[in-house]
Amino acid sequence: MNSIFEKRYNHIHHKSYNLAIFNNNKLILKLIKKYPSIGLITPLSMSIYSNDAKKTINISTLSLTGMARITKIPATDPDLIEYAKLVDGALHKALPNGKYEPLKHAVKPSNKPLTTEFTTEFALVGGATYADAKQAFEEEFEGELGPVGFLIPKSYKLQEGLLKENGQNDYDFYDIYSIIRFNAIYPVSKNHPDAGAFAPFSLAIYKKKDENTVHVVFPSVDNWIDDLDITDEESVKAVRETHGMIENILKELTK
């Protein structure tokens with residue numbers, strides 16, 4: 001991220017700052033049959049960063065509790081537990097001398113929804129299929145995102161790819177966008193480099209075959225303020241602005 005920050009803002013906050021996304025297909029296949037909400041953390045996000053002062057490598061990603069909290073999947077679900085164990089194993093393998101550190105900030109209680117959700121129905125006209133309608137919706141969505149500073153570094157067509165390849169056909173479509181806005185992550189990462197546990201964030205668009213409803217859902221970006229204890233005005237403004245932009249675009253598209 002530093003090369004991007006240097007070009008865009010002529011300044012970097014940390015000696016190194018990287019954002020990564022990752023997932024485990026085997027466990028996604030198991031979890032999605034029980035909980036469509038697994039798309040909210042598919043892929044999982046991670047920040048990897050260091051600074052001159054401590055000369056340490058730091059990694060931030062969601063814990064089992066965090067995964068369960070966002071998806072509303074029970075923390076006792078064996079497949080979600082296995083997912084968290086795989087992440088834990090990978091972290092210890094990469095940093096054999098590493099250790100978990102407690103959060104350096106308080107997570108403020110919030111009465112705001114952890115996720116933002118929209119529903120709509122696609123009208124099929126002139127022989128169009130649900131796949132056609134979904135593609136038209138996504139093209140319009142992408143067209144709205146770009147001009148206001150959002151990028152989509154990765155997208156996944158789960159039903160057309162992973163699910164179909166493994167004999168699962170429960171959905172007419174299940175697509176996920178991994179979305180980022182540099183004007184939000186740049187100011188936030190100055191004091192909260194662990195924000196990479198939330199960014200890029202995933203937006204899922206899906207429709208089950210036995211339902212007419214199309215679901216569009218993403219983790220509420222404005223919850224970063226409470227979860228990360230963000231207090232500086234610039235970061236608070238950027239986070240709220242980012243959430244509002246996505247929300248307003250989807251309100252228009254799902255009317």
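Computed from the coordinates by the stated procedures, all read-outs in this text should not be read as laboratory data. On a predicted model such as this, the values are computed, not experimentally measured, just so you know. Note that each Cβ is placed from the backbone with ideal geometry, even for glycine, and that neighbours are counted across all protein chains shown.
Could you list the chymotrypsin sites (Phe, Trp or Tyr not before Pro) in segment 75-129 that lie in coil according to DSSP, counting only those with at most 12 other Cβ atoms within 10 Å of their Cβ?
Of the chymotrypsin sites (Phe, Trp or Tyr not before Pro), the ones in loops of segment 75-129 whose Cβ has at most 12 other Cβ atoms within 10 Å are Y100.
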| Roughly how many debye, to the nearest 20, is the charge dipole of segment 24-113 about its Cα centre, given +1 on each Lys and Arg Cβ, -1 on each Asp and Glu Cβ, and no other charges? | 160 debye
| field | Charge dipole (debye, nearest 20) of the chain; +1 at Cβ of Lys and Arg, -1 at Cβ of Asp and Glu | value | 840 debye
| field | Among S16, S189, S235, residue whose mean-square fluctuation peaks in a GNM of the chain (springs only between Cα atoms under 10 Å) | value | S16
| said: Ignoring everything except DSSP H segments at least 4 long, calculate the 222 nm mean residue ellipticity for the chain; use -39,500 (n - 2.57) per segment, divide by total residues, nearest 500. | reply: -11500 deg cm²/dmol
| message | Can you tell me which of H192, H105, H243 moves the most in a GNM of the chain? Springs connect C-alpha atoms under 10 Å apart. | response | H105
| message | Compute a Gaussian network model of the chain, connecting alpha carbons closer than 10 Å, and tell me which residue from T61, T116, T231 fluctuates the most. | response | T231
| query | So what is log10(I(q)/I(0)) for the chain at q = 0.09, 0.15 1/Å, when the Debye sum runs over its Cα atoms only? | reply | -0.41, -1.15
| message | Are there any trypsin sites (Lys or Arg not before Pro) in segment 89-159 that are in a DSSP loop and have at most 14 other Cβ atoms within 10 Å? List them by number. | response | K99, K104
| request: Determine the sum of side-chain charges near Q159: Lys and Arg each +1, Asp and Glu each -1, restricted to other residues whose C-beta is under 13 angstrom from that of Q159. | output: +2
| field | Mean Kyte hydropathy of -0.5 or more with a Cα span along the axis of at least 20 Å, helices from DSSP in the chain | value | 78-94, 233-253
| For segment 99-116, in order, what is each residue's ³J(HN,Hα) by Karplus, 6.51 cos²θ - 1.76 cosθ + 1.60 with θ = phi - 60°, in whole Hz (x at glycine and Pro)? | 8, 6, 10, x, 4, 8, 9, 8, 8, 6, x, 9, 9, 7, x, 6, 10, 10
| message | Could you check the spin-label model distance between E117 and F22? Points 7 Å from the Cα along Cα→Cβ, value in nm. | response | 3.0 nm
| note | Sequence order, segment 162-169: Karplus ³J(HN,Hα) from phi using 6.51 cos²θ - 1.76 cosθ + 1.60, θ = phi - 60°, Hz rounded, Gly and Pro as x, gives 3, 5, 4, 5, 10, x, 9, 9
| query | Can you pull out the GluC sites (Glu not before Pro) in segment 194-255 that DSSP calls coil and that have at most 16 other Cβ atoms within 10 Å? | reply | E211
